[in-house]
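First the structure, in the form of structure tokens, and then the observations on it.
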Amino acid sequence: MQSFEGAGVRLEGIAVAVRDGALSFSYLDAAAFDRFALKVVPVIELQLSEGFDPAVIKRWLRVCGDSLRRINETEMAWWHSQVMSRMLASGMTEGEMLKAQADLGSRMAPPPRAGPAAARATAAAEG
């Protein structure tokens, strides 16, 4: 965001351009961008419409991005050291390790979140 600001592009302009399709982030993973566009951009637009200081919004985005980067780096390091390296050290071939680590990852993934209707049904059943 700083490089955009340095070039004279305002944060509000970026949000509008993304919303209107004039600014493309097609080089990003499409699913990741969709999550960003559908969840973050409307929040930024709301904040701006409520008079939030763009510098505060920019700081919030930077902190969120940095936190996600740190989480990703940490998770990659422990997955490599605690899962992949151990499997290879146990004598698995690379192909066996890839399958085994994928299976483990599937078992470790959190369950899908239930929507509001499922939550209400569960609460009603528990009664």
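Coordinate-derived values only; no laboratory data. Here the structure is a predicted model, which is why all the values come from computation and not from measurement. For neighbour counting, all protein chains shown are included, and Cβ atoms are generated from backbone atoms with ideal geometry for every residue, glycine included.
With +1 on the Cβ of every Lys and Arg and -1 on the Cβ of every Asp and Glu, and nothing else charged, how large is the dipole of the stretch 53-104 about its Cα centre, in debye rounded to the nearest 20?
Rounded to the nearest 20 debye, it is 280 debye.
For the stretch 93-108, in order, what is each residue's ³J(HN,Hα) by Karplus, 6.51 cos²θ - 1.76 cosθ + 1.60 with θ = phi - 60°, in whole Hz (x at glycine and Pro)?
So the Karplus estimates, Gly and Pro as x, are 6, 4, x, 4, 4, 4, 5, 5, 6, 5, 4, 4, x, 5, 6, 8 Hz.
Describe numerically, in nm with one decimal, the distance between label points set 7 Å from Cα along Cα→Cβ at residue 68 and at residue 92.
2.9
Which of 57, 95, 79 sits farthest toward the positive end of the charge dipole of the stretch 53-104, with +1 on the Cβ of Lys and Arg and -1 on the Cβ of Asp and Glu?
Working it through, the farthest residue towards the positive pole turns out to be 57.
Full-extension gain between residue 43 and residue 22, please, as 0.36 nm times their residue separation minus the C-alpha to C-alpha distance.
Working: separation 21, 0.36 × 21 = 7.56 nm, distance 1.88 nm.
This chain segment gains 5.7 nm when fully extended.
Under the Karplus relation 6.51 cos²θ - 1.76 cosθ + 1.60, θ = phi - 60°, what is the ordered set of whole-Hz ³J(HN,Hα) values for the stretch 46-58, x standing for Gly and Pro?
4, 4, 5, 5, 8, x, 4, 5, x, 5, 6, 4, 4
Residue by residue through the stretch 74-90, what is 3J(HN,Hα) from phi via Karplus (6.51 cos²θ - 1.76 cosθ + 1.60, θ = phi - 60°)? Round to whole Hz and write x for glycine and proline.
Per residue, the Karplus-derived 3J(HN,Hα) values read 5, 5, 4, 5, 6, 5, 5, 6, 9, 10, 5, 5, 5, 5, 5, 5, 6 Hz.
Once the convex hull of the alpha carbons of the stretch 53-104 is built, what does its volume come to per residue, in cubic angstrom?
Here the figure is 71 Å³ per residue.
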